[in-house]
Amino acid sequence: MKKLRLISVASLVIAVAVVATASFYGKPEPACAEGPVIVRVYYPDLATGNKVLISFKGVMLETNYEEGYHVMEATSEDIARLTDAGLRVEVDETWVAQPQGDLHALLSETTGIPGYPCYRTVEETFATAEGIVNDHPDLAAWIDVGDSWEKWAGLGGYDLRVLRLTNSAIPGPKPKLFLTGAMHAREYATAELVTRFAEYLVDGYGTDADATWILDHHEVHLMLQTNPDGRKQAETGLSWRKNTNQNYCGPTSTDRGADLNRNFEFQWNCCGGSSDDECYPTYHGPYAASEPETQTTQGHMSAIFPDQRDPDLSAPAPDDATGIYIDVHAYGRLVLWPWGFTSSPPPNATQLQTLGRKFAYWNDHSPEQAFGLYPTDGTSDEHAYGELGVAAYCFEVGTTFFQSCSYFEGNIVPGNIPAFVYAAKVVRTPYMTPAGPDAANLSLSNDPVPPGTSVALSGTIDDTRYDNSNGTEPTQSVAAAEYYVDVPPWGTGSTAIPLSPSDGSFDSTIEDVEATIDTTGWSEGKHLIFVRGQDADGNWGAFSAVFLTVSSGGQTTFVHDIAMSGDRKGANRIATAVVTIRDTNENPVEGATVYGAWSGDYSANVSDTTDAEGQVTFTSKKVKQANATFTFTVDDVVKSGYVYDPALNRETSDTIVVP
């Protein structure tokens, strides 16, 4: 059992002199003058616990949500502030962080952070981004926007890069969403979460209607690794927060560097929300934006967002201001918005709160202003809002810095990707659109259809989708709903077509709606149906979309699966590819001719016809070579009365190596 002692501020002076601090895995760290002591801070309720976390996150080690306490490295000043706030603080003399990774995976994995195979390393993250650009050159660009401190100092380091996602074939200007990940190096989940969002968008383009229209009409900018130098330290298991600037706290100290999220120009070092101590986790740097990582992030904000707010702190951004910035951090399960340097509400408080509660509806975090027990200053989201008027947020995802892969996959990804998608939907007018109802549950009676077919469109308009755990968001009855075909209202030649309430009248906060779409005169191919709703206060909500395919050929086919297997017979290697073809109703397609090609160590063009299960098997010839590589690619699928749409393919090619 751990030894705990209830302490007073007076006794702390003795405690800090005798209690050594510990880094991750319990390795000793160089101590600064009057270094910290490890303590438990008990909170009476989650709201108070969140305020403590906001104010002291830089020195947090872990949180026990079940028993209601934080573990943190606290100085005498920290403890004085905590006890003055009426909180119980106890010294924990035996706390040592334990590795939380998957130890079985640690022994077997060949990729990912050791013990955490779900999190890509810096190099693997960058390779993923490069792969996205290579696979989707019309949708993605990998832009060099600056240098990390180590690269700036000539010590190796990394380029700072932004992955820009948009359909380059559709001209702008387009509203922009900007996300940053891993600004604090030890927060494992954040870079991977932002990378997963990138993959969701590009993988969904052409098959997911929302991902498609977002990339057609908006721009998404993702700085996947904002602090790559620090991240490489954290990948070794160190609880590293800051960058690696050797000019602060000694060139070899594990406490060196500046806290990038206390180094931004807006309200830098204004209000006691950061530290003057070079060794402290929230050291703000010697001057505002002293760090190249901060300069780069600020510079990219200014490059993509217009300045939409007067410098006066009381001046709001206009209602039609555009753009959203989200800085993704861990941990705390919080959605935070400015101000953090003062408890006074920002001039756009109502709008920021509304969008924050909408985000929290998706990720089930607590939505609140970023002021805790005490202020924070020089932060990234404050800069985006304070300097440019951009709707800006900090997401604190998860429950620990070194989050387990099971929690990440089961909670963080499924909760936060929809929140990011919502941000991408409303980025055009983030101070207006979130006040309106959402369009959900869209469906069509038939798809695909021949030209001239009438199709029933149905959906739900919902004005209640807010998180009300920290105050209640006003809601209104739904007053109207409408849809657009291919061209949304900001496009030239758009036409709004009304949907009707299924029960005959708009008089509830949640309404089922319907319409009949006449496809007479439509061109063949996929069409985007945009749907939105309006509440009784006149607020139009976010669009959702669904595809409707018009085809004179009838059903559409796609490659559902390519199953590869290999066999070794003496010195010979062979491979087999089983291709499954289905239609858009997920039915197997019999009698379709599949044209494909082998490549790698065996090359050949082949074709054959699917059976009753929609499958066809292709087998290579023998290759007399160890570790032979076989790749099979589907080039075309042909059947009378059907249209092959490769954009729907679950797989187009697959590869196997036969040892």
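The values are calculated or read from the model by the stated rules, or taken from the named source; none is laboratory data. Values in this document were obtained by computation on a predicted structure and should not be read as measured data. In this analysis, Cβ positions are derived from the backbone assuming ideal geometry, glycine residues included, and neighbour counts consider all displayed protein chains. Areas reflect the complete protein model, heavy atoms only, side chains present, ligands, DNA and RNA absent. Shrake-Rupley method; radii C 1.70, N 1.55, O 1.52, S 1.80 Å.
Which of the residues spanning region 629-640 are open to solvent by 40 Å² or more (accessible area, probe 1.4 Å) and of a type outside the set (S, T, N, Q)? Answer for region 629-640, where residues must be open to solvent by 40 Å² or more (accessible area, probe 1.4 Å) and of a type outside the set (S, T, N, Q): ASP635, ASP636, VAL638, LYS639. Looking at THR83, is it modelled with pLDDT of 90 or more and either under 26 Å from CYS249 (Cα atoms) or hydroxyl-bearing (Ser, Thr, Tyr) (or both)? Here the answer is yes, as THR83 does meet what is asked.
Take the residues of region 347-375 that are part of a loop (DSSP other than H, G, I, E, B) and in contact with a Pro (Cβ under 8 Å, 6 or more places away or on another chain): which is modelled with the lowest pLDDT? Filtering region 347-375 for residues that are part of a loop (DSSP other than H, G, I, E, B) and in contact with a Pro (Cβ under 8 Å, 6 or more places away or on another chain), the one modelled with the lowest pLDDT comes out as ALA370. When region 598-616 is limited to residues that are open to solvent by less than 40 Å² (accessible area, probe 1.4 Å) and modelled with pLDDT of 95 or more, the one that is farthest from ASP561 (Cα to Cα) turns out to be THR610. So in region 454-496, with the set limited to residues that are open to solvent by less than 20 Å² (accessible area, probe 1.4 Å) and among the hydrophobic types (A, V, I, L, M, F, W, C), which one is farthest from TYR422 (Cα to Cα)? Looking at residues that are open to solvent by less than 20 Å² (accessible area, probe 1.4 Å) and among the hydrophobic types (A, V, I, L, M, F, W, C), I get VAL455. Filtering region 57-90 to residues that are aliphatic (A, V, I, L, M), under 27 Å from the mean Cα position of the chain (by Cα) and not in a strand (DSSP E or B) leaves only VAL59. Taking the criterion of being open to solvent by 30 Å² or more (accessible area, probe 1.4 Å) and in a helix (DSSP H, G or I), the residues of region 149-201 that qualify are GLU150, LYS151, TRP152, ARG196, GLU199, TYR200. The set of residues in region 211-260 that are under 24 Å from ILE304 (Cα atoms), open to solvent by less than 30 Å² (accessible area, probe 1.4 Å) and outside any loop (DSSP other than H, G, I, E, B) comprises ALA211, THR212, TRP213, ILE214, LEU215, ASP216, VAL220, HIS221, LEU222, MET223, PRO228, LEU260. Looking only at residues in region 390-406 that are outside any loop (DSSP other than H, G, I, E, B) and not small (Gly, Ala, Ser), the one that is nearest to GLY115 (Cα to Cα) is CYS405. Looking only at region 510-548, residues that are of a type in the set (D, E, K, R) and open to solvent by less than 30 Å² (accessible area, probe 1.4 Å) come to 2 in all. Within region 414-430, the set of residues being open to solvent by 20 Å² or more (accessible area, probe 1.4 Å) and over 15 Å from the mean Cα position of the chain (by Cα) comprises ARG428, THR429. Scanning region 522-573 for residues that are touching a Leu at 6+ places or on another chain (Cβ under 9 Å) and either among the acidic types (Asp, Glu) or within 30 Å of PRO430 (Cβ to Cβ) (or both) gives LYS526, HIS527, LEU528, ILE529, VAL531, GLY533, SER544, ALA545, VAL546, PHE547, LEU548. If you check VAL487 against the conditions, is it part of a strand (DSSP E or B) and among the β-branched types (Val, Ile, Thr)? No, not satisfied. Close Cβ contacts (under 8 Å, 6 or more residues apart or on different chains) running from residues in region 134-151 that are among the polar types (S, T, N, Q) to residues that are surrounded by fewer than 17 Cβ atoms within 10 Å (Cβ to Cβ) comprise SER148/ASP159. Within region 120-127, can one find any residue that is open to solvent by 40 Å² or more (accessible area, probe 1.4 Å), under 30 Å from HIS217 (Cα atoms) and not in a helix (DSSP H, G or I)? For region 120-127, residues open to solvent by 40 Å² or more (accessible area, probe 1.4 Å), under 30 Å from HIS217 (Cα atoms) and not in a helix (DSSP H, G or I): present.
The residue list SER445, SER344 contains one member that is open to solvent by 20 Å² or more (accessible area, probe 1.4 Å), of a type in the set (S, T, N, Q), modelled with pLDDT of 95 or more and more than 30 Å from PRO114 (Cβ to Cβ), which is SER344. Checking the stated criteria, GLU586 turns out not to satisfy the condition of being surrounded by 15 or more Cβ atoms within 10 Å (Cβ to Cβ) and either closer than 25 Å to ARG650 by Cβ or charged (D, E, K, R) (or both). The strands (runs of 3 or more DSSP E) found entirely in region 520-620 that carry 2 or more residues being without any contact (Cβ under 8 Å) to a residue 60 or more places away in the chain and of a type in the set (Phe, Trp, Tyr) are 593-600.
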